[in-house]
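Undergrad: Please see the structure below; I have some questions.
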Amino acid sequence: MNVFLQRHAASVIGVLHGFDRLLFRGTQRLLATAAGLMHYLWSAQVLLKNFGDWSQSLTEQVRSASEQVMRDANRPLIYLRDASASKEQMARQIARDDGIKTGPVCLLSSVEPCWSYEIHRSRSERKLILEPRYRKCLHLYHYRIHPQLGLMHARVQTWLPFTMKLCLNGREWLGRPLESVGAAYVKKENCLTWVGDVPGAQEMLDRQLRTDWPALLGGIARQTNPALERLLRMEGRPLECYWSVDQSEWASDVMFKSPAALAGIYPKLIRQGITTLGSVEVMRFLGQRLTATGQINGHFAGEVVSDLRQRPEGMRLKHRVNANSVKMYDKQGSVLRVETTINNPRDLKVFRGTEAEPQKKRWRPMRKGVADLHRRAEVSQSSNERYLGALGAMDCQASVGEVLEPLGQAIQVRGRRYRGLRVMEAEDGKLLAAVGRGEFAINGFRNRDIRVLLMGAEARGAEEKRRRSGRISRRLALLRAHGLIRRVSKTRRWMLTGKGQQVVTLLSVAKAASAKPLMEKAA
């Protein structure tokens, strides 16, 4: 990414990294499964034959209390027959018309699909059974301008298990602290096109990762749905609400000085992205494991899709691996946005313990819970950086020879001579491909990782293992001498430098390039 920013430094104001859209889900964990709800019904002494009347009573109380919040604030309650209508646009218009700067804006309601429960009689078992069902019920959308988060909404499901969704925007959030300190900025919709103090704005965005999310979200939930904690209790205490992230969008906004500056390079970036970034590169951006030869694993059963779409604002290029994606688009004329969206975090990894054994840490699938939100941001930031880094390497004004030729020269480092790299030959080419694999971009790589990739399964004998380890150590030292990798402080891991990222990306693109257009250009 630094290569990209340095190349366009004359045209760029700065770059802001942080959450764009965040969609949280609040779930009463005990009520999320039929077995859990049965346990609660037993505790509350509710018979299955009375479940319909009991749950209907809860629905009426939840709906009444939730609607009363808006009535007390003298805000409109609007029922929408078309659930697909743009609720946010309607809420923004109401806020503008009524001059609302903070507090409740409106309540919009519509009938939408949901997961709930119903009772049916089993003929084979001759008894009533509680089963989850995909049904439709009334949902209440509470729009408010939060003093910290800006415009956001809470979606209340009025049937059991009363799932709540909270949607907020990180750029909307940024506007609040900027206003509080009197910072100069220009904002168009949810995008900042100019900021006077970019480092200060970035520090404010970084606070999102230091937020006590359960406390913040729980407070909003109580304001929006005040009856729930009173109605659903066990042993005198409210049921625990588990907060998870259904969707996160982490955006890197490169702010250009003028729309003309971005328009001058954006068509070329689109063309480079759609023609040179294939499935392998997309999987690397999103941290997916590849085979030892750098190809997609044969056991991968998902799909990798790249598509180009014309949006009202401009052209959008999106690369998707299953439910997760990275995309690039021009926003508000002068902002280049690269954005990683995570819908299924289980495709990614986090180093953690379990709820039962928090100290027993190892790499495990990432969870949706807010406990892994920091890791989600880290993975997304790495994805954005890899994407911009790849575009920066492809946008290199120097020829391939000018970039790679110096690597072929022997050099002296601290009195020791290191040979030149033979990047197009098998031995050094495989080494560079190995250290540039996507799964190492976030946490780096170890001697053992490269040893397995280049030499196969670990040797059984200690002597052979030491010999292989020594050989890989010498080859990594060679890469370090040429400035392509660096040691991660206080670890045994290595990372690519900016120069190394450029070389690895350039080699990958050069090897994948078709010879025909190159020959035509040479002619």
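Undergrad: How many residues, within the stretch 146-187, are over 26 Å from THR27 (Cα atoms), among the aliphatic types (A, V, I, L, M) and in a loop (DSSP other than H, G, I, E, B)?
TA: Number of matching residues: 3.
Undergrad: Would you mind finding the one in LEU107, LEU58, LEU130 that is aliphatic (A, V, I, L, M) and assigned to a helix (DSSP H, G or I)?
TA: Unique residue meeting the criteria: LEU58.
Undergrad: What tally of residues in the stretch 47-84 results from selecting those that are of a type outside the set (Asp, Glu), over 30 Å from LEU37 (Cβ atoms), under 34 Å from the mean Cα position of the chain (by Cα) and surrounded by fewer than 13 Cβ atoms within 10 Å (Cβ to Cβ)?
TA: Pass one, the stretch 47-84, residues of a type outside the set (Asp, Glu): 47-52, 54-59, 61-66, 68-71, 73-81, 83-84.
Now drop any that are not over 30 Å from LEU37 (Cβ atoms), which leaves 71, 73-76, 78, 81, 84.
Next cut, under 34 Å from the mean Cα position of the chain (by Cα) only: 78, 81, 84.
Now drop any that are not surrounded by fewer than 13 Cβ atoms within 10 Å (Cβ to Cβ), which leaves 81, 84.
Residues meeting the conditions: 2.
Undergrad: Report yes if some residue within the stretch 425-432 is within 18 Å of ALA481 (Cβ to Cβ), in contact with a strand residue (DSSP E or B) (Cβ under 9 Å, 6 or more places away or on another chain) and not in a loop (DSSP other than H, G, I, E, B); otherwise report no.
TA: The answer is no; no qualifying residue exists.
Undergrad: If you go through the stretch 212-222 one residue at a time, how many are more than 19 Å from LEU160 (Cα to Cα) and surrounded by 15 or more Cβ atoms within 10 Å (Cβ to Cβ)?
TA: Going through the stretch 212-222 one residue at a time, the tally reaches 5.
Undergrad: How about the stretch 197-227: which of its residues are among the small types (Gly, Ala, Ser) and under 30 Å from LEU58 (Cβ atoms)? Walk me through it before giving the result.
TA: The first filter runs over the stretch 197-227 and keeps only residues among the small types (Gly, Ala, Ser), leaving 200-201, 215, 218-219, 221, 227.
Across the stretch 197-227, the qualifying residues are ALA215, GLY218, GLY219, ALA221, ALA227.
Undergrad: Among the residues of the stretch 344-372, count how many are among the aliphatic types (A, V, I, L, M), surrounded by 18 or more Cβ atoms within 10 Å (Cβ to Cβ) and not in a strand (DSSP E or B).
TA: Residues meeting the conditions: 3.
Undergrad: Taking ALA462, is it surrounded by fewer than 18 Cβ atoms within 10 Å (Cβ to Cβ), more than 20 Å from TRP363 (Cα to Cα), touching a residue at least 40 places away in the same chain (Cβ under 8 Å) and over 25 Å from the mean Cα position of the chain (by Cα)?
TA: Spelling it out, it is not the case that ALA462 is surrounded by fewer than 18 Cβ atoms within 10 Å (Cβ to Cβ), more than 20 Å from TRP363 (Cα to Cα), touching a residue at least 40 places away in the same chain (Cβ under 8 Å) and over 25 Å from the mean Cα position of the chain (by Cα).
Undergrad: Out of the stretch 139-193, which residues are buried (at least 18 other Cβ atoms within 10 Å of the Cβ), of a type in the set (S, T, N, Q) and touching a helix residue (DSSP H, G or I) at 6+ places or on another chain (Cβ under 7 Å)?
TA: The answer is THR158, ASN190.
Undergrad: Taking only pairs six or more apart or across chains, which ones have beta-carbon atoms under 6 Å, a first residue in the stretch 45-62 that is at positive phi, and a second residue that is assigned to a helix (DSSP H, G or I)?
TA: Within 6 Å, no pair qualifies.
Undergrad: Failed condition for ILE100, given (1) within 30 Å of ILE342 (Cβ to Cβ); (2) of a type outside the set (Ser, Thr, Tyr); (3) buried (at least 19 other Cβ atoms within 10 Å of the Cβ), with all others met?
TA: Every listed condition holds for ILE100 apart from (1).
Undergrad: Quick check on my filter: what residues within the stretch 337-380 are without any contact (Cβ under 8 Å) to a residue 24 or more places away in the chain and among the hydroxyl-bearing types (Ser, Thr, Tyr)?
TA: Answer for the stretch 337-380, where residues must be without any contact (Cβ under 8 Å) to a residue 24 or more places away in the chain and among the hydroxyl-bearing types (Ser, Thr, Tyr): just THR354.
Undergrad: Condition first: of a type outside the set (Ser, Thr, Tyr) and over 23 Å from the mean Cα position of the chain (by Cα). Now tell me which residues in the stretch 140-175 satisfy that.
TA: Step one: list which residues in the stretch 140-175 are of a type outside the set (Ser, Thr, Tyr), which gives 140, 142, 144-157, 159-162, 164-175.
Selection gives LEU140, HIS142, ARG144, ILE145, HIS146, PRO147, VAL156, GLN157, TRP159, LEU160, PRO161, PHE162.
Undergrad: Taking ALA410 as the residue in question, decide whether it is surrounded by 14 or more Cβ atoms within 10 Å (Cβ to Cβ), touching a Phe, Trp or Tyr at 6+ places or on another chain (Cβ under 7 Å) and among the aliphatic types (A, V, I, L, M).
TA: No; evaluated as a whole, the condition is false for this residue.
Undergrad: Let me ask something additional. Restricting the search to the stretch 445-459, which residues are surrounded by fewer than 16 Cβ atoms within 10 Å (Cβ to Cβ) and either at pLDDT 90 or above or not in a loop (DSSP other than H, G, I, E, B) (or both)?
TA: ARG448, MET455
Undergrad: Would you confirm whether any residue within the stretch 132-150 is closer than 27 Å to LEU205 by Cα and among the hydrophobic types (A, V, I, L, M, F, W, C)?
TA: Within the stretch 132-150 (the criterion being closer than 27 Å to LEU205 by Cα and among the hydrophobic types (A, V, I, L, M, F, W, C)), the answer is yes, since at least one residue qualifies.
The values are calculated or read from the model by the stated rules, or taken from the named source; none is laboratory data. What you see is a predicted model; the values in this text were computed from it and never measured. Every residue, glycine as well, gets a Cβ built from its backbone with ideal geometry; the counts of neighbours run over all protein chains shown.
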